[in-house]
1. Assign unit charges at the C-beta atoms only (+1 for Lys and Arg, -1 for Asp and Glu), then state the dipole size of the chain relative to its Cα centre in Debye, rounded to the nearest 20.
2. Where the accessible area of region 2-53 is counted over protein heavy atoms with a 1.4 Å probe, how much of it, in %, is carbon and sulfur?
3. Tabulate in residue order the Karplus-calculated ³J(HN,Hα) for region 12-26, using 6.51 cos²θ - 1.76 cosθ + 1.60 with θ = phi - 60°, rounded to whole Hz; enter x for Gly and Pro.
4. How many Å² of accessible area per residue for the chain, probe 1.4 Å?
5. Under the definition of Cα pairs under 8 Å and six or more residues apart, what whole-number percent is the relative contact order of the chain?
6. Distance in nm between label sites at Gln28 and Lys2, each 7 Å beyond Cα in the beta-carbon direction?
7. Could you work out the helix-only [θ] at 222 nm for the chain, with each DSSP H run of four or more residues adding -39,500 (n - 2.57) and the total divided by the number of residues, to the nearest 500 deg cm²/dmol?
Amino acid sequence: MKDKKLGVIIKQEEFILHFVPMIFHWNQTITVLTNGISVNKEIKQRLNEKKSL
């Protein structure tokens with residue numbers, strides 16, 4: 001998945017901080033698709049800050 005577009009569909013907010021770090025080594029540009037759920041500001045900030053968790 002290196003240098004390819006990568007997106008993940010997350011159905012529950014709490015999985016974002018668990019799942020995204022597990023696949024971060026595949027590709028450091030990951031699009032998180034929330035299927036309409038709201039994501040709190042803390043999680044958004046952590047995803048945007050360092051690009052890793």
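1. For this selection, approximately 180 debye.
2. It is 52 percent, rounded to a whole number.
3. Per-residue couplings from phi come out as 10, 3, 5, 6, 4, 6, 9, 7, 4, x, 5, 9, 4, 6, 6 Hz.
4. 82
5. RCO, the chain: 43 percent.
6. With each label point 7 Å from Cα toward Cβ, the separation is 1.3 nm.
7. -9000 deg cm²/dmol
The values are calculated or read from the model by the stated rules, or taken from the named source; none is laboratory data. This is a predicted model, so every value here is computed, not measured. Positions of Cβ are generated from backbone atoms using ideal geometry, with glycine treated the same way; all protein chains shown enter the neighbour counts. Remember, those area values only see protein heavy atoms, side chains included, never the ligands or the DNA or RNA. Shrake-Rupley method; radii C 1.70, N 1.55, O 1.52, S 1.80 Å.
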